[in-house]
């Protein structure tokens with residue numbers, strides 16, 4: 001399953017976030033595949049798309065950075081997956 005990971009950090013955490021990222025390369029835990037990650041310019045926030053079938057690995061991802069960043073992790077669908085879900089919804093008589 002794919003997930004959207006949004007993160008935000010406080011300006012007071014910037015030095016610690018930079019240090020940890022430079023030390024670890026921002027690696028993700030075993031059981032999580034990083035599909036892409038984008039960082040905001042001039043701010044301590046960004047987004048990543050990851051894939052995992054392991055909720056424990058997803059929790060590890062959040063916990064690894066939880067002391068420095070707030071994270072919002074949500075399941076994600078592609079356009080095709082959403083289209084299929086919408087088609088089933090409409091076929092069931094919903095509008």
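Please treat every number below as a calculation from the coordinates, not as lab data. Bear in mind the structure is a predicted one, so any value in this text is a computation, not a measurement. Positions of Cβ are generated from backbone atoms using ideal geometry, with glycine treated the same way; all protein chains shown enter the neighbour counts.
Numbers for the structure displayed
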| item | result |
| --- | --- |
| Per-residue Cβ neighbour rank within 10 angstrom, fewest leading, 38, 65, 7 | 38, 65, 7 |
| Two-site FRET efficiency, residue 45 against residue 77, from Cβ-Cβ distance with R₀ of 22 Å, rounded to 0.05 | 0.45 |
| Neighbour-count ranking [beta-carbon atoms within 10 angstrom, fewest first] of 32, 5, 17 | 17, 32, 5 |
| Once the Cα gyration tensor of segment 2-91 is diagonalised, semi-axes √(5λ) in Å | 29, 15, 11 |
| Gained length - residue 23 relative to residue 4, 0.36 nm times residue gap less alpha-carbon distance | 4.5 nm |
